[in-house]
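Here's the structure, in structure tokens; my notes come after.
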Amino acid sequence: MAALFVALVAAVGAAAAPAWAAGPDLAALSRGARGAIGATVDVSVGIANHGDPLTIQQVVLNYRAPAGTVIVKAAGTACVFNQERTTARCGLGTEWRSRIAARPEGGFQTIQVKITSRVTGTGSFTVTCGCDAKKANNSAEIVIEGAAKPQPTASPKPSAKPRPSESPSPQQSLSPQETFEPDYGSEAPVVAAPPAAEKDSSSSGFLLIGVGAVLFGLVGLGGAAYLWRDRSGGEEDDTE
């Protein structure tokens, strides 16, 4: 009876065990990244197996880039991209498969995503295998925080021009074209005539002396000429 009871309990326990306990249970993992517009960032994606060891079966990896980014490089084998490079489809390589089997926390690979504009949504990483009966954990979000390019700082506004002083200047200068004519009223000012120059008596005396000397010289010269002529005439008469 005891042996029969133990066998019955074991059968009931096996029947009550969840169906997902048998076979592999693949879970998709992802670690977010951050970058500025125009930058290419590395994003880590991983696969963990929470069930039985993964047997040699086909595993398909699907990537969808977050809005505002494109996929530069995907992880896996024989990857195929769409024309815009916003999606990719790859196979699970031998290296990644061995990492999943050796590590309970899963194995990670790196993909490269370029931020082309402001990121407005999340992407996805999906693991698909016919051996995995549990589908709820087969997808993970790819999150990229896209930072906009730093905007140039606005140049400071020029300060207001200083207002001219309201108080008049102590003295206003005249322009070269302007002339200043004082107003004397109805009567013009009387200007004194310059004093007459005094006659210099000494200069007049010198002038008279000079004239006298000239006249005296002329008279002497005339007398000498007369005496010489008269003498010459007398000698001629004696000769005859």
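For the range 28-118, what log10 I(q)/I(0) values come out of the Debye formula at q = 0.15, 0.19 1/Å, with one point per alpha carbon and no solvent?
After summing over all Cα pairs, the log10 values are -0.59, -0.87.
Compute the length gained on full extension between THR55 and SER98: take 0.36 nm times their separation in residues and subtract their Cα-Cα distance, giving the result in nm to one decimal.
Values: separation 43, 0.36 × 43 = 15.48 nm, distance 1.09 nm.
Answer, rounded to one decimal: 14.4 nm.
Work through the residues other than THR55 whose Cβ is under 15 Å from its Cβ and net out their charges, Lys, Arg +1 and Asp, Glu -1.
Working: positive: ARG97; negative: ASP25, ASP52, ASP132.
Computed value for this residue: -2.
Calculate the all-directions average of the projected area of the range 77-132's alpha-carbon convex hull, and give it in nm². Let's see the in-between values first.
Details: hull surface 21.8 nm².
That works out to 5.4 nm², a quarter of the Cα hull's surface.
Enumerate by residue number the GluC sites (Glu not before Pro) in the range 66-150 meeting two conditions: DSSP loop (anything except H, G, I, E, B), and at most 15 other Cβ atoms within 10 Å of the site's Cβ. Present the calculation step by step, with values, prior to reporting the outcome.
On the way: sites: GLU84, GLU95, GLU105, GLU141, GLU145; in loops: GLU84, GLU105.
In loop regions of the range 66-150 (DSSP not H, G, I, E or B), the sparsely surrounded GluC sites (Glu not before Pro) are GLU84, GLU105.
Starting from the Cα of ALA39, step 7 Å along the direction of its Cβ; do the same at ARG85; then give the gap between the two resulting points in nm.
1.9
So what's the net charge close to ASP42: Lys and Arg +1, Asp and Glu -1, counting the other residues with Cβ under 10 Å from its Cβ? Before the final figure, lay out the partial values.
On the way: positive: ARG31, LYS73; negative: none.
Spelling it out: positives minus negatives among the neighbours equals +2.
Compute from the Cα atoms of the range 32-85 the Rg and the Dmax, the latter being the longest Cα-Cα distance, and quote both in angstrom.
14.3, 43
May I ask you to compute the full-extension gain from THR120 to ALA78, defined as 0.36 nm times their residue separation minus their alpha-carbon distance, rounded to one decimal in nm? Could you put the intermediate results ahead of the total?
Details: separation 42, 0.36 × 42 = 15.12 nm, distance 2.93 nm.
Net length gain for the segment: 12.2 nm.
Laboratory data are not the source of any read-out in this text; all were calculated from the coordinates shown. Because the structure is predicted, anything quoted here is derived from the model rather than measured. Ideal geometry is used to build each Cβ from the backbone, glycine not excepted, and the neighbour counts take in all protein chains shown.
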